[in-house]
Structures are given as C-alpha cells and as structure tokens.
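The values are calculated or read from the model by the stated rules, or taken from the named source; none is laboratory data. In this text the structure is predicted, and so the values were computed from the model without any measurement. Neighbour counts are summed over all protein chains in view; Cβ atoms, including those assigned to glycine, are modelled from backbone coordinates with ideal geometry. Side chains are part of the model used for accessible areas, which takes the heavy atoms of the whole protein and leaves out ligands, DNA and RNA. Shrake-Rupley method; radii C 1.70, N 1.55, O 1.52, S 1.80 Å.
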Amino acid sequence: MSAVIIDGKAVAARVRADVGRDVAEFRAATGRQPGLATVLVGDDPASAVYIGGKRRACVEAGMADLHQHLPADTPQDKIAALLDSLAADPAVSGILLQLPVPEGLDGAALVERIPPEKDVDGLTTPSVGLLARGLPGLRPCTPSGIIELLDAYDVELSGAPTVVVGRSELVGRPVAQLLVGRNATVTVCHSRTRDLAAVCRGADVLVVAAGKQAIIGADAVKPGATVIDVGMHRTEQGLRGDVDFDAVREVAGLLTPVPGGVGPMTIAMLLRNTLLAARAAAAVDNLV
Ligand code: NAP
C-alpha cells in the first residue's frame, strides 16, 4: 500500500483564495482594509526571506503591508515603543514580530507587548491561555494549519488515538490542545518518552514536530495511519522532514511531504488570522 500524499500547497492556495475573497467583502462592507504589521529587527537572511513571503502573501490577499524594519542595534525599549504604537494604531489589524530577534534583545518580552486581539502569531501568554481554556482567540499558525490539512482530507479526529511528537510552545503543545479541542485522544511525546516507536504505532493520527530528521520510520507507524510531518531540515538533497518519507509512505494511509505539506499552511493561516483580527476590531466598532 502506498499512502495518499497530502497536497499542502493546494490546501494553502484554497485558504489564501478564500481569505482574498473575504477581504474584498470586508473592505466593501466596512470601508476598512485589514493591515498586517510584520516587524523585522536586524538583517538575518533567513528571517528576511520568511518576512518577504509573508508580506507578498498579505498584499496578494488585498491587505495592507505595514512592514517595519529596524536595525539590529535598536535598543529593547525602542522596539517595545514601536510595538506599543502599532498596538494603538487602528490601521494595524495584526502584528507579527519575526523571531529570533538579534542577540542581546529579549524576544519573549517583546512578544508580550502585542495585545491578544492583534496577536496573529498566537504566541503571547494571553493567547496561549485562551487556547488552553478553549476560549475564542487567535491560534498559532502552524498548529491551526495542521488542523486545516486534516479537515481538508476528512480525517476523523473525534475519539481518534492521536500522538503528537514534540511539546514546544510553537508547535507541539498548541497542536495537542487543538486536537483535544476536536475530541481526539491525545498522547504527547518528547525527548524523555520511553520507546517512542511503540507509542507512535498506537496512533491513527501522528503529528511529528521533533526537529530531528527522519526520527519516525516505518516501524513507528500503524498501517493506514495519517502522518503529519512538521519537521524542516535543509540538507544537500533539499528540504527534509522528521519522517522517513520513502519508508513511511509504504505504511501510512495519508502522509504530508516535505516540502509541500505543512509548510505552505503557515502563511495561509497567518492571513486568515489577520482577517479574523480585522473582523473582531470592526465588530468592536459596530461596523459588522
Ligand atoms: P523544538 O522547539 O526544538 O521542539 C522539539 C520538541 O521535540 C521538544 O519538545 C523535544 O522534547 C521533542 N524531541 C526532541 N527530540 C526528541 C526525541 N528523540 N523523541 C521525542 N521527542 C523529541 O522544535 P519546534 O519549534 O517545535 O519545531 C519542530 C520542527 O518543526 C523543526 O524541524 C522546525 O524547523 C519545524 N517547524 C516547521 C514549521 C513549518 O511551517 N513547517 C513551523 C515551525 C516549526 P523536549 O521538550 O523534551 O526537549
């Protein structure tokens, strides 16, 4: 048996097209344009590439690109002041501080300046608290992109034995909480887990975000399981994931490729979050 390969590019394109259509409707109804303020401190080349992709996608979706670029030697209080002014600016629907920030700056403290209603990355403590309590709020982009992929392929989550490998604040924890919210029966694995392969073999749905290339082989996958590979590793052969793709595709029922699986979903969900933030702000002002 060979797994059906999940087409993350196609699902992401659909989400982006939907957001673009909804942005046009929102602008017509409210006279407002949703705006995304990406904030880049310094000139890290990888961060510049990531930010460039987010800015282009934002413009394509009909939103205002309110990008801010600060030199690497900008003091912490100046960056905090910029984030505060973006927080107070009604033209700004969402704020995203590109991480990591240059050495010497406290990125975690800067993220906390972003108010939850503009926290389109879903990483501030209030946003994390809303997710933990199952209350409405902006969810982190990669985890919500994973749920979107599972839904696009009609993967049954309710009651499903589900294993998440990784417990990071960025991916593992929030995706586990989103899955619990969808009534999956979730086990979270991490570096201290005993016999990882045995635990993973119990999963109908396996989400792997360990940051270890090819940590999941065919022996860790139940025949027919859905396997979502979040890992991203630049190798001489190109981008690779946390799953041994060639081996696992012979066992799994559904499998995300790397690249072209989870990766494209992250920007798509950022756009959706920015629209949700703009809608919530317009509702506060009685415009929708
Ligand atoms: P991270 O912060 O390094 O967390 C890795 C997690 O995996 C930790 O909880 C760690 O356990 C666990 N882990 C490490 N080795 C393990 C092992 N041998 N067995 C079981 N668990 C193990 O990484 P992250 O930020 O969550 O990212 C994970 C991967 O996803 C990376 O490759 C990253 O590049 C990729 N990523 C991709 C996207 C995308 O858009 N596609 C977005 C974000 C991240 P402990 O907690 O015990 O240390």
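A few comments on the model shown:
- Strands (runs of 3 or more DSSP E) within the stretch 200-247 that include 1 or more residues farther than 18 Å from residue 263 by Cβ: 205-208
- In the stretch 111-145, the residue that is most open to solvent (accessible area, probe 1.4 Å) out of those that are free of Cβ contacts under 8 Å to residues at least 24 places away in the same chain and in a helix (DSSP H, G or I) is 125.
- Matching entry among 150, 178 (being touching a Pro at 6+ places or on another chain (Cβ under 7 Å) and either of a type in the set (Asp, Glu) or in a helix (DSSP H, G or I) (or both)): 178
- Looking only at the stretch 232-255, and only at residues there that are open to solvent by 20 Å² or more (accessible area, probe 1.4 Å) and among the aliphatic types (A, V, I, L, M), the one that is nearest to the ligand (Cβ to nearest atom): 232
- Residue-level analysis places residue 90 outside the set of residues that are within 10 Å of residue 40 (Cα to Cα), outside any strand (DSSP E or B) and not aromatic (Phe, Trp, Tyr).
- Filtering the stretch 146-195 to residues that are within 14 Å of the ligand (Cβ to nearest atom), without any contact (Cβ under 8 Å) to a residue 24 or more places away in the chain and surrounded by fewer than 14 Cβ atoms within 10 Å (Cβ to Cβ) leaves 191, 192, 194, 195.
- Within the stretch 256-268, not a single residue is assigned to a loop (DSSP other than H, G, I, E, B), out of contact with any Phe, Trp or Tyr (no Cβ under 8 Å at 6 or more places or on another chain) and away from the ligand (no atom under 14 Å from the Cβ).
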